[in-house]
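Just so it is clear, none of the values below were taken in a lab; they were calculated from the coordinates. Remember, it's a predicted structure, so these values are computed and weren't measured experimentally. Cβ: placed from backbone, ideal geometry, glycine included. Neighbour counts: every protein chain shown.
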Ligand SMILES: Cc1cc2nc3c(=O)[nH]c(=O)nc-3n(C[C@H](O)[C@H](O)[C@H](O)COP(=O)(O)OP(=O)(O)OC[C@H]3O[C@@H](n4cnc5c(N)ncnc54)[C@H](O)[C@@H]3O)c2cc1C
């Protein structure tokens, strides 16, 4: 049997590995000249930048993938970061938040006046919630009863009263904590799937568990090492990659996939896994097929503007992950989702891999990945938006770091929603497909298979179970389970 994967993002390459490990002839078609999708890297002057993701959690999912099938010596190592994030607030205060339940509770108690025991209990509750939903909602297809109907379901049902299903993340967090700064820290995790904390269901507070109780990790060599290791594994298993090869159409007849076209060439296959944004898969590759409208018509997730700055100075007060919060967090999300514009006081995230990976910047310098959540592209003039944003970001950083930041920028590049749509084929530049701004949003995510076309599957962050590297890896595992079942492969 022959499988064809559209796209070499992490979800696509993980699907390829899993299908090749099952003995299928597997081909990956990638429109770009490089693999990894959003997990790719760029060098500018003497600086190296990871262009997309920077926060790495659940590394065991990558280990598991690399240990599938053939024995290999793929070098993929990582270390746990002692500090989850360095937070800067508008009043000039700064909190260095460590990782680990007790350490986080102690810091929030010492610095923000929270009750130590209360924070510890909340964090433990998030851990239990996370573990309860994992086997039922994250590792399984919600659309195949046999996958989630297992003994873990009872525990997931038992914990329903603790999830906060009918409240937003913000309403739960603002009730749970005394200090609005603590609320802002916990609300921030809504952005990990491109959503608004005031509308995202309280259930998504479980994301905080991974970063606060467990802590983020940093791969040796930067985030791009994840793509490199997975690519090597795929090659080892005999997966064939075709770069600069955009798929233009999915061919089917009598309810079954038959192949694809790339340019003028047709490629036959039995199974297709689309790692392309699910909206564009229907719109561009299957114009004649009506996709599930409920799933496809949901509000889209955020996009982002990223500035890649080579900074000729080293900042002791910064860590690997840093957040400079806006004063009006709610207003900022209203700007993004309602007004489709950027706030003049944006929350700024700065990732500096050179804090760990010294060769990522010249000595005494730092590679700043400066990211601001942005609305999807609805025809805004991004040149003007970026100019204004750059000035606002610099003004904010100058104030909070007491430094003339613009004067320190040695090399520079940026990324905006329009470019993101072009480079990765994400609908309107959205990063995660649908936003999770609705109680039922998890149920409105597209399944990992096409309901009306046998042999077509989906992996990546635009489909179930959702946004982020760990979930994209889970989506590939679900695809594998579905293929095994549908084609009776042992
Ligand atoms: C700026 C930014 C920051 C992020 N930060 C984080 C983070 O800190 N942590 C985290 O876990 N996640 C983060 N994410 C999300 C992250 O990118 C995803 O978790 C993950 O990398 C997406 O993987 P994916 O499998 O969905 O595919 P993608 O990376 O979206 O790749 C899809 C691939 O399909 C290809 N493709 C599309 N259409 C076609 C076609 N017709 N033919 C051939 N190829 C095609 C594209 O070129 C692309 O290579 C971030 C994303 C961005 C943009």
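Extension gain, residue 180 to residue 409: 0.36 nm times the residue separation minus the Cα-Cα distance gives 79.1 nm. Counted residue by residue at 0.36 nm each, then reduced by the alpha carbon distance between them, the extension gain from residue 258 to residue 489 reaches 81.3 nm. Axis of helix 224-236 versus longest Cα principal axis of the chain: the two differ by about 20°, to the nearest ten degrees. The mean sequence distance of close C-alpha pairs (under 8 Å, at least 6 residues apart), as a share of the length of the chain, puts its relative contact order at 23 percent. The sum of -39500 (n - 2.57) across all DSSP H runs of n ≥ 4, divided by the residue count of the chain, sets its helix-only mean residue ellipticity at 222 nm to -9500 deg cm²/dmol. Full extension of the chain between residue 159 and residue 402 gives 82.8 nm of extra length, using 0.36 nm per residue less the Cα-Cα distance. Residues 218, 1, 266, arranged from fewest to most other Cβ atoms within 10 angstrom of their Cβ, appear as 266, 1, 218. Between residue 235 and residue 166, the FRET efficiency estimated from the beta carbon spacing at R0 = 45 angstrom works out to 0.40. Against the chain, whose longest principal axis is taken from its Cα atoms, helix 101-112 shows a tilt of about 40°. Here the chain yields Rg over Rh of 0.95, to two decimals, using C-alpha coordinates and the Kirkwood radius. Residue exposure proxy: 158, 444, 47, ordered by other Cβ atoms within 10 angstrom of their Cβ from fewest to most, comes out as 158, 444, 47.
Taking every DSSP bridge with both residues inside the chain, close to 70 percent are antiparallel.
Working note: Cα atoms of region 271-320, range along each principal axis, descending, whole Å: 55, 26, 16. Computed from the Kirkwood radius of its Cα pairs, the Stokes-Einstein diffusion coefficient for region 300-385 at 20 °C and 1.002 mPa s stands at 152 µm²/s. Take the Cα of residue 220, step 7 Å toward its Cβ, do the same at residue 64, and the gap between the two points is 2.4 nm.
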